[in-house]
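*Asks:* Okay, handing you the structure first.
The values are calculated or read from the model by the stated rules, or taken from the named source; none is laboratory data. Worth saying up front: this structure is predicted, and the values here are computed from it rather than measured. Positions of Cβ are backbone-derived with ideal geometry, glycine not excepted, and every protein chain shown enters the neighbour counts. Side chains are part of the model used for accessible areas, which takes the heavy atoms of the whole protein and leaves out ligands, DNA and RNA. Shrake-Rupley method; radii C 1.70, N 1.55, O 1.52, S 1.80 Å.
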Amino acid sequence: MKRAALWPEEHLPPHRLPPPWPGRAVRLDGMLTYVRDTPATGPDAEPALYVHGLGGSSQNWTDLAGLLADRLDGQAIDLPGFGRSEPGLRYTIPAFAERVVRWIEHSGRGPVHLFGNSLGGAVSVYVAGRRPDLVRTLTLISPALPFLNFGRSLQGRMLPLLAIPRGERLAAWRLAQLAPEVMAQQAMEACVADLSRISEQRRQEALEEIRIRYEATHYAAAYVRTFRGLVASFLRSYLPGPGSLWRIAAGIQAPTLVVGGMKDRLVDVRVAPQTARIIPDSRLMMLAGVGHVAQLEVPRTVARAVLHLLAEVAGSTPPDRPPTPPVSGDVGRPDADTHPGGDVAPRAGGSDAPECGGDAAWQPEVAS
């Protein structure tokens, strides 16, 4: 593991707020999968695929995909049951990973630069570990890899729901009690450390996404079943056998960037450093004053770290001056909010999986 570095700010596009990138529904293996395309603006752009988190959608990558369009020809996928994709048959990490693999194979764009946030990070780890031929580089933002102390996550209050028969119905009832505006605000508060960083345009887009959830009768079941599958993957990671996400992460070959928010309320803040410690060729960037969705909260900082990773892999440097190393600073400034490194969770008794703790009612997530 080494510290991530930042590509110079002047090499990024000017500040702007693009609308959500155009999307299309594609029938793949008999199921409609929704994909958004961020057209490349550079002649030598390479393929990238973005995978959202629990309760999120492809729309969560709008800003980051736009900032990287000169280097990356981006696609963002809605996982089964989320966004505008049809519901799936199974809501487990391997099932989601298989959908991502099938999309890469179907699109003929592999190997891709693979991005994952939260649940999407766990899915991306599974893909990169099991199908290294499909992944050029890996970027993980607050990846939901295993930790045992759910008292350190806002999602911990959802655990009792998993023990209730047909808990999906209770979740659907609860969903119906909340106005879309209230749910959108709760989701933002759970995911974002500093709401002043989120523009009114992005808030309205998030509200529209919430309204789509209300129209999708399968959403509550998809959310609960996915959360159950995620928890099950956590528990398996502390047992013998090949299914441990930590063991899979240890076998990843792709150059990897791991980004964590020091004010993450949904995934234990020690998970990102442990992830970077376990993945062999990794770089770590911990962001002071940032929450669970750094690609939404500080997209320019994340983009600069990604561009440095891409340049490092390509063996290039900026033409005018060397790359800027990350520094800690005033998190109110878009690109002075990085703090490299961070505490690494202790290893769990002889296992290769860490036992993590963190701080964070069930709050439906905008981007997990």
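*Asks:* Taking region 178-217 on its own, how many of its residues are outside any helix (DSSP H, G or I) and open to solvent by less than 70 Å² (accessible area, probe 1.4 Å)? Reasoning before the result, please.
*Replies:* Within region 178-217, the first condition is being outside any helix (DSSP H, G or I), and the residues that meet it are 178-179, 192-194, 198-199, 216-217.
Within this subset, residues satisfying the condition of being open to solvent by less than 70 Å² (accessible area, probe 1.4 Å) are 178-179, 192-194, 198-199, 216.
Matching residues across region 178-217 total 8.
*Asks:* Across region 276-285, what is the number of residues that are assigned to a helix (DSSP H, G or I) and buried (at least 24 other Cβ atoms within 10 Å of the Cβ)? Step through it out loud before you land on a result.
*Replies:* Pass one, region 276-285, residues assigned to a helix (DSSP H, G or I): 276-278.
Right, trim to buried (at least 24 other Cβ atoms within 10 Å of the Cβ) and you get 276, 278.
Final tally of qualifying residues: 2.
*Asks:* Could you list all residues from region 23-54 that are touching a helix residue (DSSP H, G or I) at 6+ places or on another chain (Cβ under 6 Å) and crowded, with 19+ Cβ neighbours inside 10 Å?
*Replies:* R36, T38, Y50, V51, H52, G53, L54
Let's see how each residue does on (1) over 20 Å from V127 (Cβ atoms); (2) surrounded by 22 or more Cβ atoms within 10 Å (Cβ to Cβ):
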| residue | (1), (2) |
| --- | --- |
| Q274 | no, yes |
| L287 | yes, yes |
| Q295 | no, yes |
| T301 | yes, yes |
| A311 | yes, no |
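*Asks:* Turning to a different aspect of this structure: Please specify each residue of region 108-137 satisfying the condition of being open to solvent by 10 Å² or more (accessible area, probe 1.4 Å) and assigned to a loop (DSSP other than H, G, I, E, B).
*Replies:* The answer is G108, R109, G110, P111, R131.
*Asks:* Within region 273-321, count every residue that is within 14 Å of L6 (Cβ to Cβ) and not hydrophobic (A, V, I, L, M, F, W, C).
*Replies:* Number satisfying all stated conditions: 10.
*Asks:* Pick out the one residue from A232, A250 that is touching a helix residue (DSSP H, G or I) at 6+ places or on another chain (Cβ under 6 Å) and open to solvent by 30 Å² or more (accessible area, probe 1.4 Å).
*Replies:* Numbers: A232 fails: touching a helix residue (DSSP H, G or I) at 6+ places or on another chain (Cβ under 6 Å).
Just one listed residue meets the conditions, A250.
*Asks:* With the condition kept exactly as written, say whether any residue in region 330-351 is modelled with pLDDT of 95 or more, surrounded by fewer than 21 Cβ atoms within 10 Å (Cβ to Cβ) and under 25 Å from W7 (Cα atoms).
*Replies:* No, region 330-351 contains no residue that is modelled with pLDDT of 95 or more, surrounded by fewer than 21 Cβ atoms within 10 Å (Cβ to Cβ) and under 25 Å from W7 (Cα atoms).
Let's see how each residue does on (1) under 17 Å from the mean Cα position of the chain (by Cα); (2) more than 14 Å from S118 (Cα to Cα); (3) aromatic (F, W, Y):
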residue: P242; (1), (2), (3): no, yes, no
residue: R247; (1), (2), (3): no, yes, no
residue: Q253; (1), (2), (3): no, yes, no
residue: D264; (1), (2), (3): yes, no, no
residue: V269; (1), (2), (3): yes, no, no
residue: Q274; (1), (2), (3): yes, yes, no
residue: R277; (1), (2), (3): no, yes, no
residue: L284; (1), (2), (3): yes, yes, no
residue: A288; (1), (2), (3): no, yes, no
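*Asks:* Going by the structure shown, is V306 surrounded by 18 or more Cβ atoms within 10 Å (Cβ to Cβ) and either part of a loop (DSSP other than H, G, I, E, B) or at pLDDT below 50 (or both)?
*Replies:* On the way: surrounded by 18 or more Cβ atoms within 10 Å (Cβ to Cβ): yes; either part of a loop (DSSP other than H, G, I, E, B) or at pLDDT below 50 (or both): no.
Here the answer is no, as V306 does not meet what is asked.
*Asks:* Just a yes or no: is a residue in region 138-150 open to solvent by 20 Å² or more (accessible area, probe 1.4 Å) and modelled with pLDDT of 95 or more? Spell out how you get there, then give the answer.
*Replies:* First, the residues of region 138-150 that are open to solvent by 20 Å² or more (accessible area, probe 1.4 Å): 148-150.
Within this subset, residues satisfying the condition of being modelled with pLDDT of 95 or more are none.
Within region 138-150, not a single residue is open to solvent by 20 Å² or more (accessible area, probe 1.4 Å) and modelled with pLDDT of 95 or more.
*Asks:* With L239, L266, L257 as the choices, which residue is modelled with pLDDT under 85, over 24 Å from L89 (Cβ atoms) and of a type outside the set (D, E, K, R)? Spell out the reasoning first.
*Replies:* Details: L266 fails: modelled with pLDDT under 85; L257 fails: modelled with pLDDT under 85.
The conditions single out L239.
*Asks:* May I pose another question? With region 6-104 as the region, which strands (runs of 3 or more DSSP E) entirely inside it contain at least 3 residues that are at pLDDT below 95 and of a type in the set (K, R)?
*Replies:* none
*Asks:* Considering only residues that are open to solvent by 40 Å² or more (accessible area, probe 1.4 Å) and more than 22 Å from the chain's Cα centre (by Cα), look in region 1-15 and name the one that is farthest from V100 (Cα to Cα).
*Replies:* The first filter runs over region 1-15 and keeps only residues open to solvent by 40 Å² or more (accessible area, probe 1.4 Å), leaving 1-3, 9-11, 13-15.
Now narrow it down to the ones that are more than 22 Å from the chain's Cα centre (by Cα): 9-11, 13-15.
Details: E9: 32, E10: 33, H11: 31, P13: 29, P14: 31, H15: 31 Å.
Result: E10.
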